[in-house]
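> The structure under discussion is supplied below as structure tokens; questions concerning it will follow.
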Amino acid sequence: MRHTALIVSLFLCSAILSADDRHVEFDTHTDFSKIKTFTIHQATIDSQRPELNNSLFAARLGDAIRDALKSKGMKETEDNPDIFVDYTVAGKDYSIVQNNPDVQIPGGLGQRGTLIRGSGPQSVRFSEGTLLIDLTTREGGRLVWRGVYTEQESNGSKLAQKLPADAKSIVSEYPPKPKK
């Protein structure tokens, strides 16, 4: 019975760690077909995690964004780009205590159910990273596209491994599809 309670508590904890969230916003008045060139402008890392807060990780993330934009047919240039690409990563560690209560599993017809005693308080630790990618026009400095991806993993190393793929995933939604 203790094993079943442990499995139930692990299942509940895995729901917390599997959550990731993505969101894209864009200026509906922008003609994205006219945006052909870009430059990576600024990278900001706001995390105490050494796996995230270092120049090698920032460069890897920049390369992922660069590759994703190039795969969309855009050209990188330092001279008068149509848009500037800024990206920010914010990382935070969490530790929560979750009380695993008793669980009643119903029985079949005419049978009493089975009571599984909870395993008591369990500590759940995870790291959350939020990636923000902004595309801003060179002329006028207008924000025309923003992609936000939030990822939760069991530790900072896994975040550092996953965020470059998440960057490619969120940039895959650029340019926005015209509304019909």
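The values are calculated or read from the model by the stated rules, or taken from the named source; none is laboratory data. This structure is a prediction, so every number in the text was calculated from the model and none was measured. Backbone-built Cβ (ideal geometry, glycine too); neighbour counts: all protein chains shown.
> How about the stretch 139-160: which of its residues are at pLDDT below 95 and not small (Gly, Ala, Ser)?
Result: GLU139, GLU151, GLN152, GLU153, ASN155, LYS158, LEU159.
> Let me ask you something else. Pick from the stretch 56-100 the residues that are surrounded by 12 or more Cβ atoms within 10 Å (Cβ to Cβ) and aromatic (Phe, Trp, Tyr): which of them is nearest to VAL144 (Cα to Cα)?
PHE84
> Given LEU135, LEU115, which one is of a type outside the set (D, E, K, R), modelled with pLDDT of 95 or more and in a strand (DSSP E or B)?
Sole residue among the options that is of a type outside the set (D, E, K, R), modelled with pLDDT of 95 or more and in a strand (DSSP E or B): LEU135.
> I need a count of the residues in the stretch 37-55 that are surrounded by fewer than 19 Cβ atoms within 10 Å (Cβ to Cβ), assigned to a loop (DSSP other than H, G, I, E, B) and of a type in the set (S, T, N, Q).
Number satisfying all stated conditions: 3.
> Among the numbered conditions (1) over 27 Å from LYS177 (Cβ atoms); (2) at pLDDT below 95, tell me where THR44 comes up short.
(2)
> Among the residues of the stretch 1-29, write down those that are of a type outside the set (A, V, I, L, M, F, W, C), at pLDDT 95 or above and surrounded by 14 or more Cβ atoms within 10 Å (Cβ to Cβ).
Passing the criteria: only ASP27.
> Name every residue in the stretch 123-180 that is within 12 Å of the chain's Cα centre (by Cα) and among the small types (Gly, Ala, Ser), in order of residue number.
Result: SER127, GLY129, GLY147, ALA160, ALA165, ALA167, SER169.
> Taking interchain pairs and intrachain pairs at least six residues apart, which have beta carbon atoms under 7 angstrom, with the first residue in the stretch 39-57 and in contact (Cβ under 8 Å) with a residue 60 or more places away in the chain and the second part of a helix (DSSP H, G or I) and of a type in the set (S, T, N, Q)?
If the second residue must be part of a helix (DSSP H, G or I) and of a type in the set (S, T, N, Q), the pairs left are GLU51/SER157.
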